[in-house]
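Everything on this sheet refers to the single structure shown next.
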Amino acid sequence: MTLTLAVKRGWTVFELDVNNTFLHGDLSEEVYMKVPPGLDISFSSSSLPLVCRLKKSLYGLRQWFSKLSEALLSRGYISSLNDYSLFPKSTSNSLVVLAVYVDEILLAGDDVSELNSLKFFLDSQFKIKDLGTVHYFLGLEVSQHPQGYLMTQQKYANDLLAEFNCQHFSPVLTPLNSSSKLVLDLGEPLIDPSTYRRLIGKLNFLQHTRPYISFSVQHLSQFLQKPQVPHMQAALHVLRYLLNDPAQGILLHSSFDFSVLCYSDSDWAACDVSRKSISGFCITLGGSPISWKSKKQPTISLSSAEAEYRTLRKTVAEISWLVRLLGDLGLPIHSPVPIHYDSQAALHIAKNPVFMNVLNT
């Protein structure tokens, strides 16, 4: 979402990397550990068991984040209550936003002098590498496009196709074969189930730029515990679909359009195993997708109207969170967000507080 707003507002976006993040975790209490294997303690004359007192936290990401937060707060940045990894700083005529994930930092805003000053400050505190304008962040390839930013995972997709030897396969037109029904006990078990689990995990990460495989990945994730040969064939079918265009991704449009729009839908009891329904939604900001999900509902719905209402309720909760987050990013949303939904029964339930209380209990 930060990149979407940045390209629409013409912000400068920098990418930073923190050197040796785990060394920045200061301890606020005494912590001891057993003597690690290989450490020579023969110099000690004590007959009692020895322990080591830590001066720095080992892999202390929590302590590192606390130290970074304190440094940013001292410069007037505020930790967002809607996303703790987001630190905005707004004045009467400027806005600067810092987003952090472990040791990678995205810095965006319309005040170039503040951006440069903040980079100098962070380098003096933590020793950072300035990687220039954003081009590769958290495995996502961001490139300039005549209409905005193009966000892809081309290298990741190509490596995935090469890892599972899919280059010689013929491409297919859909992520899943509509004529095949996948259930738990469908064929011979896989000799190495970890191969299937690794593939599904990597496809799950690929959803960051491929919203249209979300349903397929959700569907195939049901068989992680005991994958069988037909399940693996269906997962390879998704890879064959990716062969059509491994470089395809998401266009973050630079048009000056900040309207939020949502599309949502649900099936009813489509899962043959649990008889649970699948919820799905996609939310866009000025035509650029910023949030999407395909997920099985936690409980069984007794009617299609109930399944549709549960999806609508989850969608509204996601929109409410996004509206608050957009406010932190300097884009307050005052008008209602349109939701495109095709279930009149769910809409009538949502408008009637009596029906809502019955379903929410």
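The values are calculated or read from the model by the stated rules, or taken from the named source; none is laboratory data. Note that the structure is a prediction, hence the values are computed from the model and not measured. Here the Cβ positions follow ideal geometry from the backbone for every residue, glycine too, while neighbour counts run over all protein chains shown. With ligands, DNA and RNA removed, areas are computed over all heavy atoms of the protein, side chains included. Shrake-Rupley method; radii C 1.70, N 1.55, O 1.52, S 1.80 Å.
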Meets criteria (open to solvent by less than 60 Å² (accessible area, probe 1.4 Å) and of a type in the set (S, T, N, Q)) for Thr133:
no
Take region 336-349 and flag every residue that is within 19 Å of Asp267 (Cα to Cα) and either aliphatic (A, V, I, L, M) or at pLDDT 90 or above (or both).
Ile339, His340, Ala345, Ala346, Leu347, Ile349
Cross-chain or 6+ apart pairs with Cβ under 8 Å, region 330-354 first and closer than 21 Å to Trp292 by Cα, then modelled with pLDDT under 85
Tyr341/Leu347
For Leu81, are the conditions met, namely being exposed (fewer than 15 other Cβ atoms within 10 Å of the Cβ), modelled with pLDDT of 90 or more and out of contact with any Phe, Trp or Tyr (no Cβ under 9 Å at 6 or more places or on another chain)?
yes
Based on this model, can you work out whether Ser113 counts as under 18 Å from Trp11 (Cβ atoms), of a type in the set (Ser, Thr, Tyr), open to solvent by 70 Å² or more (accessible area, probe 1.4 Å) and part of a helix (DSSP H, G or I)?
yes
State which residue pairs qualify: first residue without any contact (Cβ under 8 Å) to a residue 12 or more places away in the chain and inside region 249-270, second residue part of a strand (DSSP E or B) and surrounded by 17 or more Cβ atoms within 10 Å (Cβ to Cβ) in any location, beta carbons under 8 Å apart, and separation of 6 or more residues or different chains.
Ala270/Ile278
Only one of Lys127, Lys155 is over 28 Å from Leu203 (Cβ atoms) and not hydrophobic (A, V, I, L, M, F, W, C); which?
Lys127
